[in-house]
Amino acid sequence: MKDTFEKFSLTTVAFHWVIAIAVICMLAFGLYLHELPRSPEKGELVRLHKSFGVLILVLASLRIIWRMKNNFPIPLSSVPLWQERLVKLSHWFLLIATLMMPLSGIIMNYGNGRGLSLFGLELIAGTGEENHLLHEVGHIVHAYGGKLLILFIVLHVIFALKHHFIDKDGTLSRMAGKTVKNKTDKV
């Protein structure tokens, strides 16, 4: 089923919420890991973090393909042009960040000479050789991208709540898979 103005498909809704929850959990998990001292237990948790990152990368890639087929949602209420552009920019950032966070983690890992594993199953062998530049680029994107992603998620939630409680335009209901009434002239 394709998305319509009044209702999003189950696929769109599922991708949004599964990836949103997974990314928020991974960001919290990453912040927790950052504070832990080096230990074998931390090493195990880091391996889990990496494996879940690979899964998010796969889901995020599928979501982007789905989004390109369905286009971006049409807003349910009219907003000034600058706000419409800002919303598009933030949606693009959120989509790209769901790819860049796992990719930067993989780059950082590969820069350390390690391969790519999924819950112990080796997907890409490591080189065993460190590449400091590659590691640093991955680390910078992962660290600062994570903080920027947190900011964009908070703003996204705030504006979703604004749509729900102030504008009362049905945006949050539509994102929950419900059918909404056409409140604007856009079709």
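The values are calculated or read from the model by the stated rules, or taken from the named source; none is laboratory data. Predicted model only: the values in this text are computed from it and were never measured. With ligands, DNA and RNA removed, areas are computed over all heavy atoms of the protein, side chains included. Shrake-Rupley method; radii C 1.70, N 1.55, O 1.52, S 1.80 Å.
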Among the aspartates and glutamates, select those whose C-alpha is under 13 Å from the C-alpha of residue 181, and discard any that sit fewer than 8 residues away in the same chain. 6, 169
Calculated from backbone phi, Karplus (6.51, -1.76, 1.60) coupling profile of segment 123-128 in Hz, x at Gly/Pro: 9, 9, 6, x, 8, x
How big is the accessible area of residue 164 in square angstrom, nearest 10, if you roll a 1.4 angstrom probe over the protein chains? 70
Restricting to DSSP H runs of at least four residues, report the calculated mean residue ellipticity at 222 nm for the chain, -39500 (n - 2.57) per run over all residues, nearest 500 deg cm²/dmol. -23500 deg cm²/dmol
Report the extension gain between residue 156 and residue 131 in nm, rounded to one decimal, defined as 0.36 nm multiplied by the number of residues separating them, less their alpha carbon distance. 5.4 nm
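Too long at a 27 Å Cα-Cα cut-off: which of 147/178; 7/162; 88/162? Write out the running numbers ahead of the final one.
Details: 147/178 32 Å; 7/162 19 Å; 88/162 17 Å.
Beyond 27 Å between Cα atoms: 147/178.
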Taking protein heavy atoms only, a 1.4 Å probe, and rounding to whole percent, the accessible area of segment 1-144 owed to carbon and sulfur comes out at 70
Measure of exposure for residue 69: accessible area at 1.4 Å probe, Å² rounded to 10, is 140
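Per residue, how large is the accessible surface of the chain? Use a 1.4 angstrom probe and give square angstrom.
64
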Rounded to the nearest 10 Å², the accessible area of residue 29 at probe 1.4 Å: 50
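Per 0.36 nm of contour for each residue apart, how much would the distance between residue 36 and residue 20 grow if the chain were fully extended, relative to their Cα-Cα spacing? Can you show the working numbers first?
Numbers: separation 16, 0.36 × 16 = 5.76 nm, distance 2.47 nm.
Residue separation times 0.36 nm, minus the Cα-Cα distance, leaves 3.3 nm.
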By how many nm would the segment from residue 71 to residue 7 lengthen if fully extended, with 0.36 nm per residue of separation less the alpha-carbon distance? 21.7 nm
